[in-house]
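The values are calculated or read from the model by the stated rules, or taken from the named source; none is laboratory data. Every value quoted in this text rests on a predicted model; they were computed, and no experiment measured them. All Cβ positions, glycine included, derive from the backbone under ideal geometry; neighbour counts span all protein chains shown. The accessibility values were calculated without ligands, DNA or RNA, using every heavy atom of the protein model including side chains. Shrake-Rupley method; radii C 1.70, N 1.55, O 1.52, S 1.80 Å.
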Amino acid sequence: MDVMCKAGSVMRFIGGVLNKAVSFVVFSVLDLVDFVLCFTYKVADFCIEAEWRPCYCSPTKEAITSSGGKILVSEQGESKIVSLNSSKLRLEDISDTLYSRPSLVTEVSKLTVNELRKLKLDGTTMKPCEKIKKGSVRSTFTVDSIVVEMLQGKMVGQQLHPIPTWSDCDCKFCNSWASSSKDTLFVKAQGPKDNKAREDVIFIHGFISSSAFWTETLFPNFSSTAKSTYRFLAVDLLGFGRSPKPADSLYTLREHVDMIEKSVLEDYKVKSFHIVAHSLGCILALAIAVKHPGSVKSLTLLSPPYYPVPKGEAATQYVMRKLAPRRVWPAMAFCASLACWYEHISRTICLVICKNHRLWEFLTKLVTRNRVRTFLMEGFFCHTHNAAWHTLHNIICGTATKLDRYLDVVRDRLSCDVTIFHGRDDEVIPLECSYNVQRKIPRARVKVVENKDHITIVVGRQKAFARELEQIWNAASRSK
């Protein structure tokens, strides 16, 4: 047995070394590919749409002020920008991971640029605004050029890049929102026809998903009693499914939460509610719960992406590396790394898959002889690259410094039950994340579902999960 254990340890060590070595080579090549794709897309955008489309590859600027108004920028890992919305300046949070993702190519580029700057500035005096007193520390603010370009468009009431762009899908399903006069999210509501539902339940899906994740699985499997008691409200997040996909949006936490409040809480006159959220949706659920602490009856989180940040670490960068570790194995870590680290490679993936989703759906039905339901493909395909890219960085990475406070508020100010479900085989969000939430909220119950992963925690066990949710809601109603 000792020999077997030692042999296993040696094999794991060798496997780990090989994984790191292969990953270094693969991601160094991908760094170069993304760099080349940057120029390729600039040429394509200009040729097809007669304008450059801004990207985050441009070097950051210092202390930028736009012609349309001042733009505040980032400091010490936390980035904030000022945008004009409804004639008022609003402070929006963006993640610095959007424009600061260290790679081999960028490091070499920065080193070259820095050396050139040293040569250029050698022998010159500092500008008055850069002078600092002896013993003091100068605070430098930086912002990426794309933020400036997009915000300038918002400030003068323009939409810089109309939807759809040439690389986005132009089908009626993906752009149904464009023909609607209502500037709200798509919400699938189900409940008693006489509007006599006693309670409301809000369902929030995760990253590159849609309301179909709930409506095609749970909604048909709730009991007749639940269907006559509760009104179910499943929302397509901003930029996903059949909801609006504005090209000038930065898809910040505020934008997502505001749209959910406007489209669900206000439009459906929701006063108190239960929340069920999956993956990235858990962050939005916590943000809503913090804003409406007296209205939440129960909070059910599935695979919450909570990574406590060690002291001294840059929060956003730490979370990005935990979520996307730049490794070729396991496969989900590789996919997450592609989505998180490479703006132009991920745009290429969207171009191939999302723009042509009707073809992929047809081929799937043809190969499977229409035996496989394709509702999951709806969520996976029906989004724009702009929406997915900004949502991933601004919600998961950008909220790294906020989640501790949100969880503290839920623990101290909310009296509702908190239940967490997590698949034992989840390779997207590790099980440890759910236990991290429980450490912050001791009353939270963690239920580990054996042999289930990030998707099959719901899909494939929808009947059992529907019963579990009904028990949670009934218990919450009895405790009030």
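Data table
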quantity: Whole-Hz couplings from phi, Karplus 6.51/-1.76/1.60, listed for segment 379-389; x for Gly and Pro; calculated: x, 6, 9, 8, 7, 9, 5, 4, 5, 5, 4
quantity: Cα shape, segment 332-480, gyration tensor, a/c 1.5 rule; calculated: oblate
quantity: Length released on extending from Leu32 to Lys269, taking residue separation times 0.36 nm less the Cα-Cα span; calculated: 80.2 nm
quantity: Cβ-Cβ FRET estimate between Lys20 and Ser228, R0 fixed at 51 Å, reported to 0.05; calculated: 0.35
quantity: Accessible surface, 1.4 Å probe, highest first, among residues Met320, Met332; calculated: Met332, Met320
quantity: Cα gyration tensor, segment 275-409 - rounded (a/c under 1.5), prolate or oblate; calculated: oblate
quantity: Additional length obtainable on full extension of the chain from Asn451 to Phe13, 0.36 nm per residue less Cα span; calculated: 155.1 nm
quantity: Segment 425-480: C-alpha gyration tensor shape, a/c 1.5 cut-off, then a/b vs b/c; calculated: oblate
quantity: Carbon plus sulfur fraction of accessible area for segment 343-475, probe 1.4 Å, in percent; calculated: 54 percent
quantity: Kirkwood-based shape ratio for segment 253-340, expressed as Rg/Rh from alpha carbons; calculated: 1.07
